[in-house]
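Everything on this sheet refers to the single structure shown next.
The values are calculated or read from the model by the stated rules, or taken from the named source; none is laboratory data. Since the model is a prediction, treat every value here as computed from it, not as a measurement. Using ideal geometry, Cβ is built from the backbone for each residue, glycine included, and neighbour counts are taken over all protein chains shown. Heads up: the accessible areas ignore ligands, DNA and RNA and are worked out on the full protein's heavy atoms, side chains in. Shrake-Rupley method; radii C 1.70, N 1.55, O 1.52, S 1.80 Å.
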Amino acid sequence: MTTSSDAAGTAADATGTAASPDDPAGPGRPAEAGRIAVDLRVALSPLVRRLRQVKPDGELTFSQISAMVRLDREGPATATELAAGEGIRPQSMCTIIGVLQERGLVVRDPDPSDGRRIVVSLSQAGLDGLHGARAERARRLARAIDEELTPEEQRLLADAIPLLERITRRV
């Protein structure tokens, strides 16, 4: 079986270290980690893209959903805080928040600790919509796992989840 790393021509010397400074593992790192990194990214990228395409309401952009997810996970925030967390300009976040507010998915309130600031939080409709979209993604993923993987493969996948969570924290 040819993997994406085979096709990319990743080379290792006799000690198993990367022969190229371009190897994802980095110079002097075990070539195996580099191959795993490439293969994992190639395998997961289409999965993530397909899950992002599941939009029960069909209208929210990825940026809008991402802002809502951040509010759900981290709680109320200012537009500046949201923009910094998302890596975008505050003006762009204000546009996103405006659209979400028009749709009734977020509310803006004065900051209880500093009335000059405005904090944004999810409305009940925003929470319901976000959780509904997550539930639909989870249903689709569960169905694919059930239909595509044997019980042993499902156990292997379940065993890999803590490993994926650990490396996600380091990326």
Under 5 Å, built H, 5+ apart or other chain: amide partners of ARG117: ASP111
Efficiency by 1/(1 + (r/R0)^6): what FRET value for ASP159 and ARG139, r their Cβ-Cβ distance, R0 = 30 Å, to the nearest 0.05? 0.85
With viscosity set to 1.567 mPa s and temperature to 4 °C, compute the Stokes-Einstein D of the range 64-133, Rh being the Kirkwood radius across alpha carbon pairs; µm²/s, no decimals. 109 µm²/s
Starting from the amide H of VAL106, placed 1.01 Å from N in the peptide plane, find each other amide H under 5 Å away whose residue is 5 or more places distant or on another chain. GLN101, SER123
Rounded to the nearest 20 debye, what is the charge dipole size of the range 81-135 about its Cα centre when +1 sits on each Lys and Arg Cβ and -1 on each Asp and Glu Cβ? 100 debye
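Counting only protein chains, not ligands or nucleic acids, how are LEU71, LEU47 ordered by accessible area (probe 1.4 Å), most first?
Of LEU71, LEU47, the descending order of accessible area is LEU47, LEU71.
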Could you give the length gained by full extension between SER63 and ARG116, i.e. 0.36 nm per residue of separation minus their alpha carbon distance, to one decimal place? 16.5 nm
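Could you give the length gained on full extension between GLU148 and LEU51, defined as 0.36 nm per residue of separation minus the Cα-Cα distance, in nm?
33.3 nm
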